[in-house]
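Reading through the structure tokens given below for one structure.
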Amino acid sequence: MEYDPNCEPEVPSCANAVAQAVVAPLTRAAIFLVVTISSGPENLTVIRSFCEDLAGLVRAVGFRDIEGDLSCVIGIGSDAWSRLFGEPRPASLHAFREIRSGTRHAVSTPGDLLFHIRAKRMDLCFELATHITARIGDVVSPEDEVHGFRYFDDRDIIGFVDGTENPRNEAAMEAVLIGQEDGAFARGSYVIVQKYLHDLDGWNALSTEMQERIIGRTKLSDIELDDSIKPTSAHNALTTITEDGKEVKILRDNMPFGHVASGEFGTYFIGYSRSPRRIEQMLENMFIGRPPGNYDRLLDFSRAVTGNLFFVPSATFLENATEYMPAAAVPSAVSTAGKPAASLSKEKDGSLGIGSLKGDFQNE
């Protein structure tokens, strides 16, 4: 929906909401954990309670090395949001939309919660992941777990520098954090993740010049190819998105991963944006082509085996997660005073305006 400044007083007060650590420094290690929530209202109660405790858990583990830059972002899938929090919903939250074109397939796979754990040291990531699973392991089922590492000078496992065009500082926050276009969920974000497996033998059989034309940058110096020689099917050409004549950015924190003995080598793509449509357009350009048929030739050597879209609520929202229970999940339909139980949740200073989020504010 379009932002109308005249409607600003009607939007729940989110000015003091604090974002999760979406715009965090790139780190040397990461764990990506995707899980589904087991059925049953008691399991949803455990997850809501855990959301409130996650920040404290990160602080406790991170205090072991305060220079380790430990952080954890939690994302919530479309179906899980309905079960956990009900209405209203983040305006653009939906299931990941798969894409098929020829032999290329951006798959959609199960996943209710994403944990994006980052640190300078893998042991910090590992320690936090073990505490998370100890807390919620009985009420969730693992769907995917990837341990990523920074490869030499921020290169992907195919040998090219990754994330060169990431926005920084205020530009990064502008690119990834929701504003008044969805005021009830301001300071939240959207994240899309995909696990890609590479045919490294096929890729390495190409000449460096051919690889550079596929990526659109030089391999050694990471300089973008001139438009006069860069194909329109180059990866960085197809993933450049413009809106109203202006290039729009997303924030990537991709990580290489691999299992040497089994010959599995890949890249875990993770992209944050204030609107999932930006990343979806990039994927359409890659898999279908711009125009159709002019697809990303990197996909001749890379195959997506997972695909998920999650909403990343603000840290302020998570701190009050137990108060955002769907009306249908409230134990008693009517309070002793004769008022609907859904209206009993109290507001806290600095919250997102819980009463409004229970139904007074409507997303367009």
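The values are calculated or read from the model by the stated rules, or taken from the named source; none is laboratory data. Being a predicted model, the structure only gives us computed values, none of them experimental. For neighbour counting, all protein chains shown are included, and Cβ atoms are generated from backbone atoms with ideal geometry for every residue, glycine included. Heavy atoms of the whole protein, side chains included, go into the accessibility calculation; ligands, DNA and RNA do not. Shrake-Rupley method; radii C 1.70, N 1.55, O 1.52, S 1.80 Å.
Overview of results
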{"item": "Wholly enclosed helices (runs of 4 or more DSSP H) of the stretch 146-232 bearing at least 1 residues at pLDDT below 95 and either open to solvent by 30 Å² or more (accessible area, probe 1.4 Å) or among the hydrophobic types (A, V, I, L, M, F, W, C) (or both)", "result": "169-176"}
{"item": "Scan of the stretch 233-242 for residues that are of a type outside the set (A, V, I, L, M, F, W, C), open to solvent by less than 80 Å² (accessible area, probe 1.4 Å) and either more than 15 Å from GLN211 (Cβ to Cβ) or assigned to a strand (DSSP E or B) (or both), ordered by number", "result": "THR239, THR240"}
{"item": "The stretch 95-129, residues that are polar (S, T, N, Q) and open to solvent by 30 Å² or more (accessible area, probe 1.4 Å)", "result": "THR103, SER108, THR109"}
{"item": "Filter pass, PHE310 being in contact with a Gly (Cβ under 6 Å, 6 or more places away or on another chain), at pLDDT 95 or above, within 30 Å of LEU44 (Cα to Cα) and not in a helix (DSSP H, G or I)", "result": "yes"}
{"item": "Of all residues making up the stretch 45-79, the number that are within 18 Å of GLY111 (Cα to Cα), open to solvent by 20 Å² or more (accessible area, probe 1.4 Å) and under 21 Å from the mean Cα position of the chain (by Cα)", "result": "2"}
{"item": "Whichever residue in the stretch 135-145 is in a loop (DSSP other than H, G, I, E, B) and in contact with a helix residue (DSSP H, G or I) (Cβ under 9 Å, 6 or more places away or on another chain) and, among such residues, is most open to solvent (accessible area, probe 1.4 Å)", "result": "ASP138"}
{"item": "Sole residue being free of Cβ contacts under 8 Å to residues at least 40 places away in the same chain and of a type in the set (Gly, Ala, Ser), chosen from GLY293, GLY289, GLY307", "result": "GLY293"}
{"item": "Unique residue being at positive phi, open to solvent by less than 20 Å² (accessible area, probe 1.4 Å), modelled with pLDDT of 95 or more and of a type outside the set (A, V, I, L, M, F, W, C) when the list is GLY266, GLY289", "result": "GLY289"}
{"item": "Unmet requirement for ILE132, which otherwise passes all of (1) closer than 30 Å to SER92 by Cβ; (2) open to solvent by 70 Å² or more (accessible area, probe 1.4 Å)", "result": "(2)"}
{"item": "Out of SER92, SER82, sole residue that is open to solvent by 10 Å² or more (accessible area, probe 1.4 Å) and under 17 Å from the mean Cα position of the chain (by Cα)", "result": "SER92"}
{"item": "Cβ-Cβ under 7 Å pairs, at least 6 apart or on other chains, the stretch 133-158 side over 23 Å from ASP199 (Cβ atoms), far side open to solvent by 40 Å² or more (accessible area, probe 1.4 Å) and assigned to a helix (DSSP H, G or I)", "result": "ILE136/VAL46; VAL139/VAL46"}
{"item": "Residues located in the stretch 44-59, provided they are among the small types (Gly, Ala, Ser) and without any contact (Cβ under 8 Å) to a residue 60 or more places away in the chain", "result": "GLY56"}
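To keep it simple, each residue is scored yes or no on (1) closer than 30 Å to PHE301 by Cβ; (2) part of a helix (DSSP H, G or I); (3) at pLDDT below 95; (4) out of contact with any strand residue (DSSP E or B) (no Cβ under 7 Å at 6 or more places or on another chain).
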site: SER49; (1), (2), (3), (4): no, yes, no, yes
site: ALA55; (1), (2), (3), (4): no, yes, no, yes
site: GLU67; (1), (2), (3), (4): no, no, no, yes
site: CYS72; (1), (2), (3), (4): no, no, no, no
site: PRO88; (1), (2), (3), (4): no, no, yes, yes
site: SER108; (1), (2), (3), (4): yes, no, no, yes
site: ILE117; (1), (2), (3), (4): yes, no, no, no
site: CYS125; (1), (2), (3), (4): yes, yes, no, no
